[in-house]
Amino acid sequence: MKHSSKDSICVKSLDLLRKLTLAGFVLSVPFGAHADLAEVKSKGLLSVATEDDYAPFNFIVDGKPEGFHKDLLEDLKAYAKEQKFEIKQDILPWTGLLASVSSGQYDVAFTGALVTDERLRVFDFSPPFASAQHFYVKRAGDKSLSDIASLCGKTVGVQAGSALLARLPELKKMMAEKGCEMGKVIEYPSYPEVYADLANGRLDYAVNALISVNDLVKTRGDVFAKGIAVSGPGFAAWPMPKSSPQLLKFLTGFMDHIRADGRLAALQTKWFGEAFPDMPKEPISTVEQFHRLAGMQ
């Protein structure tokens, strides 16, 4: 299977952009004016950055925000009001969102960010609000794929430079335990291109996080089907600078609040297709802690 030179250039350009973006937020950490909760209360405002093209977390319908975070933002505003400050939301493109938080332009990223080793070197994460365990996707009606052994030697598609790509070694290990090896891995600039090639038969299967897979099958179940898990647990949570421990405590309290009154489970079911009662209830602050929670030790 071959891809055009244009595809290769796109992948390389995306990789460069991602590296520059990462370098930007890493280098900005010592110089950013990061606000902790006392400063937030002093100015009466918590600034949150969201995105608009990541269904079902954040997206736009008829020019208006929609999704899990749009609904949950109202709960966050009410919770913050009890502590005498307001929430200010700005919608940013994903490519600059984490850099804006790490540099101090915003206090927290209120979106479906996946917890990764790389990000934990810059951010602390609130208790997770959704599973990001990785699952495989196949063409609807493809009965040749069912278990891990059936994936051996097949061609898989994944987004270049993504958290999904970083955890493919777990699938390789699962295959090794079955006495076989992973086939060719094709990296793409974005998932729409992955799914297009899966649909037309250029790929045998794709790997993505659970919420994205559920959303795909919900909207395009005539074309795609959900397979089984191909990684240990993964987590979606809100990142904030490591210099904001009291803000982390505030958001942990917010998660405790919406979990206790059933709001979290209701919104998870509405937007993700299922609730996640077994998610960790603690914030995630270190790589070692993340590996323990994700079974990666």
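Rounded to the nearest 0.05, what FRET efficiency do residue 142 and residue 81 have when you use their Cβ-Cβ distance and R0 = 41 Å?
About 0.20, to the nearest 0.05.
Efficiency by 1/(1 + (r/R0)^6): what FRET value for residue 286 and residue 185, r their Cβ-Cβ distance, R0 = 30 Å, to the nearest 0.05?
0.55
Provide the per-residue ³J(HN,Hα) series for the range 98-115, in order, calculated from phi with Karplus coefficients 6.51, -1.76, 1.60 and θ = phi - 60°, each as a whole number of Hz, with x at glycine and proline positions.
Each residue of the range 98-115 in turn: 5, 4, 5, 6, 5, 7, x, 5, 10, 7, 7, 8, 9, 8, x, 6, 7, 6 Hz.
Treat each spin label as a single point 7 Å out from the Cα along the C-beta direction, and report the residue 256 to residue 117 distance in nm.
Calculated label separation equals 3.2 nm.
What nm value, rounded to one decimal, do you get for the distance between residue 218 and residue 200 when each label is placed 7 Å out toward the C-beta?
Label-label distance for residue 218 and residue 200, simple model: 2.8 nm.
Sequence gap at least 6, Cα distance under 8 Å: using those rules, report the relative contact order of the range 134-229 to the nearest whole percent.
Across the range 134-229, relative contact order equals 48 percent.
Report, by chain and number, residues whose modeled amide H sits under 5 Å from the one on residue 113, excluding near sequence neighbours (fewer than 5 apart, same chain).
Here 237 satisfy the definition.
For residue 278 and residue 178, FRET efficiency with R0 = 35 Å and r from the beta-carbon atoms, rounded to 0.05?
Working: r = 27 Å, r/R0 = 0.76.
E(calc), rounded to 0.05, equals 0.85.
Would you mind calculating the gained length between residue 45 and residue 265 on full extension (0.36 nm times residue separation, minus the Cα-Cα distance), in nm to one decimal? Intermediate values should be presented prior to the final figure.
Working: separation 220, 0.36 × 220 = 79.20 nm, distance 2.74 nm.
Separation in residues times 0.36 nm, less the Cα-Cα distance, equals 76.5 nm.
Given a cut-off of 36 Å, what percent of all Cα-Cα pairs of the chain lie beyond it?
17 percent
222 nm [θ] for the chain, helices only, -39500 (n - 2.57) per DSSP H run of 4+, per residue, to 500?
Numbers: 13 runs with 129 residues, N = 297.
Calculated from helices alone, the mean residue ellipticity at 222 nm is -12500 deg cm²/dmol.
Could you please rank 110, 290, placing first whichever residue has the fewest other Cβ atoms within 10 Å of its Cβ?
Lowest to highest Cβ neighbour count: 290, 110.
Any idea what diffusion coefficient the range 122-236 gets from Stokes-Einstein, in µm²/s, Kirkwood Rh on alpha carbon pairs, 25 °C, 0.890 mPa s?
Value of D from the Cα-based Kirkwood radius: 171 µm²/s.
Taking the Cα centroid of the range 121-137 and of the range 59-112, what is the distance between the two, rounded to the nearest whole Å?
Value for the Cα centre distance between the two parts: 17 Å.
Only the coordinates and a few stated rules stand behind these numbers; no lab work does. Note that the structure is predicted; figures quoted are calculated from it, not measured. Ideal geometry is used to build each Cβ from the backbone, glycine not excepted, and the neighbour counts take in all protein chains shown.
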